[in-house]
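Please treat every number below as a calculation from the coordinates, not as lab data. Keep in mind the model is a prediction, meaning the values are calculated, not measured. Glycine gets a Cβ as well: all are built from the backbone with ideal geometry, and neighbour counts include every protein chain shown.
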Amino acid sequence: MDKYIWIFPVLFIFHDMEEVIWLPGFIQKNREDIIKRYPIAEKLLSVYKNGMTTEAFALAVYEELVVLIGVCALAWITKAEGAMGIWYGAFIGFTTHLLIHILQSIAIKRYIPSLVTSIMTLPPSLMLLINTKWDMNIYATMGMLIGIAGVAANLKLAHLLMEWYDIRFKRRDQIGRIHKYENIMHEAESMIEDPSKNETDRLCEKIKELE
């Protein structure tokens, strides 16, 4: 089993890069349409109700990758049954995640960013699960359950991290826009006080840039 441990993060990176590059834009563009056609999807997409930036999504994926590398390192270094079980459970969660993406695309009858790499990654992931299966003792079984539950819990953490970053980023952006508007107002007041400073066109261009 040792020789398969580090294949996990490789598959993870390969799959998630498709999501990082295209999913944020896809969600922002199609969220309302998907919810309108499939109301059941509203709860699933609720984490994206305030929009989603690529930076925030990439941060969430990075957090998941760091945790995954830690799980792989623990299994690689200790060779303990419990650690191997956690790795196996996490890989079951990842493989299930791929299958869910494929089913989501079938359900909405269109491509979603994650479909291509899910289709490409699912067969080797299933083969890996079969090739790494072993007669588990109680520690490995408990580890597997912890790994599966850990994937679900960390997914929630990643979503919270993404939401936190987006709120902070948007708030910072809004503050920056307010400061720019204030500077424009000061320049406009200066023009009123000194009519010789006729820079109306330049101020209009600045306002258009902020819209």
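Please give the net charge around I69, taking every other residue with its beta carbon less than 15 angstrom from that of I69, where Lys and Arg add +1 and Asp and Glu add -1.
That works out to -3.
In this label model, I102 and M142 are separated by 3.4 nm, measuring between points 7 Å along each Cα→Cβ vector.
Residue order for F8, F14, fewest other beta carbons within 10 angstrom first, comes to F14, F8. So what's the net charge close to N131: Lys and Arg +1, Asp and Glu -1, counting the other residues with Cβ under 15 Å from its Cβ? Result for the local shell: 0. Ranked for footprinting exposure by Cβ neighbours inside 10 Å, fewest first, K109, K36 give K109, K36. Summing Lys and Arg as +1 and Asp and Glu as -1 over all other residues whose Cβ lies under 11 Å from the Cβ of I108 gives a net charge of +2.
Rounded to the nearest whole Hz, the Karplus-based 3J(HN,Hα) values (6.51 cos²θ - 1.76 cosθ + 1.60, θ = phi - 60°) of segment 144-149 follow the sequence 4, 5, 5, x, 5, 5, with x at glycine and proline.
In a fully extended conformation the segment linking A152 and K3 would gain 51.1 nm over its present Cα-Cα distance, using 0.36 nm per residue.
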